[in-house]
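J.: Quick one: the structure is below, questions incoming.
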Amino acid sequence: MKVLVIGAGNMGSGFVKQLSAAGHSVSVTARDAAKAAAVASQNANATAVPAAGAAEGQDVVILATGFGDAVSALQSVGNLRGKVVVDITNPLTADYMGLTLGHSTSAAEEIAKAIPGAQVVKAFNTVLAQVLGQGSSLGDGSKVTVFYAGDSDAAKGTVKDLAESLGFVTADAGGLKNARYLEPVAALNIYFAYGAGRGTAIAPAWQGI
Ligand SMILES: NC(=O)c1ccc[n+]([C@@H]2O[C@H](COP(=O)([O-])OP(=O)(O)OC[C@H]3O[C@@H](n4cnc5c(N)ncnc54)[C@H](OP(=O)(O)O)[C@@H]3O)[C@@H](O)[C@H]2O)c1
């Protein structure tokens, strides 16, 4: 697939690495062009691109910025009408130990409202950057699950295929509204990793589904 990654930080660089290794054609754009260039230069199938018009011709756009920068970052890459946009954000408080919204909405729903016509799919938000950077398995060999939620079955199918091409197990978590559940799961994961000091080689999974 042709994939645009917006953001060249912890998650963005992990996506560029794993997508490139899986043979996808990867473009990466960042607020700081030098960061995008540095990430692209380490990966064979990756190219750093300016934001303007970067969405054109892409099969999937992965949003790998903080939630606060999400809408402006998406607006900067051009026309997203009909595009599959993967929202990986978690709307975290400054200390990373809470969420700034939830129950009656989610980061994903707020992003979808702000970018009308985009096919927003919540996914990968429960996968820690340290895990993504290593691939789709934990150190004990167990496969990491990517939960995905969205209102377009076609867009969800694309995200499922993309995640599985990277080796992840996938779980359909329903409509985009269920991002209200996936974002707190990520918050609990962050608590285990950092709050409870269990470390970052962890990932949530669901038994019996
Ligand atoms: N880290 C994790 O383990 C993890 C796991 C799951 C989900 N997430 C979510 O993934 C997102 C990214 O997290 P992260 O840890 O990768 O953060 P990060 O390291 O801070 O990276 C975010 C990147 O987005 C860039 N950016 C900001 N505004 C932009 C714009 N308008 N256009 C292009 N790039 C822009 C930033 O640029 P600058 O360098 O110029 O600031 C930065 O490089 C967050 O929403 C987070 O909640 C993170």
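The values are calculated or read from the model by the stated rules, or taken from the named source; none is laboratory data. Please read all numbers here as calculations on a predicted model, not as lab measurements. Note that each Cβ is placed from the backbone with ideal geometry, even for glycine, and that neighbours are counted across all protein chains shown.
J.: Between residues in segment 64-79 that are touching a residue at least 40 places away in the same chain (Cβ under 8 Å) and residues that are among the aromatic types (Phe, Trp, Tyr) and near the ligand (Cβ under 8 Å from one of its atoms), which pairs lie under 8 Å by C-beta distance while being six or more apart or on different chains?
T.: Filtered contacts from segment 64-79: no entries.
J.: Out of Ala179, Ala155, Ala107, Ala187, I need the residue that is surrounded by 18 or more Cβ atoms within 10 Å (Cβ to Cβ), under 21 Å from Ala8 (Cβ atoms) and in contact (Cβ under 8 Å) with a residue 12 or more places away in the chain. Which one?
T.: None of the other options fit; the residue is Ala107.
J.: Kindly evaluate Leu176 against the criterion of being under 20 Å from Gly23 (Cα atoms) and among the aliphatic types (A, V, I, L, M).
T.: For Leu176, the condition - under 20 Å from Gly23 (Cα atoms) and among the aliphatic types (A, V, I, L, M) - is not met.
J.: Name the one entry in Asn45, Asn79 that is modelled with pLDDT under 95 and touching a Gly at 6+ places or on another chain (Cβ under 9 Å).
T.: Asn45
J.: With (1) in a helix (DSSP H, G or I); (2) near the ligand (Cβ under 10 Å from one of its atoms); (3) of a type outside the set (Gly, Ala, Ser) as the list, and Val16 as the residue in question, which single condition is left unmet?
T.: Val16 satisfies every listed condition except (2).
J.: Related question: Among the residues of segment 8-25 satisfying the criterion of being in contact with a helix residue (DSSP H, G or I) (Cβ under 6 Å, 6 or more places away or on another chain) and within 23 Å of Asn90 (Cα to Cα), which is surrounded by the fewest Cβ atoms within 10 Å (Cβ to Cβ)?
T.: Asn10
J.: Residue under question is Ala163, and the condition is that it be at negative phi, away from the ligand (no atom under 14 Å from the Cβ) and outside any strand (DSSP E or B); does it hold?
T.: For Ala163, the condition - at negative phi, away from the ligand (no atom under 14 Å from the Cβ) and outside any strand (DSSP E or B) - is not met.
J.: As an exercise: evaluate Asn90 against (1) surrounded by 14 or more Cβ atoms within 10 Å (Cβ to Cβ); (2) under 22 Å from Asp161 (Cα atoms) and give the number of the one condition it does not meet.
T.: (2)
J.: Take segment 116-148 and flag every residue that is within 13 Å of the ligand (Cβ to nearest atom) and either part of a loop (DSSP other than H, G, I, E, B) or closer than 21 Å to Ser72 by Cα (or both).
T.: Lys122, Ala123, Phe124, Asn125, Thr126, Val127, Leu128, Val144
J.: Might you let me know whether segment 88-96 holds any residue that is farther than 30 Å from Ala196 by Cβ, at pLDDT 95 or above and hydrophobic (A, V, I, L, M, F, W, C)?
T.: no
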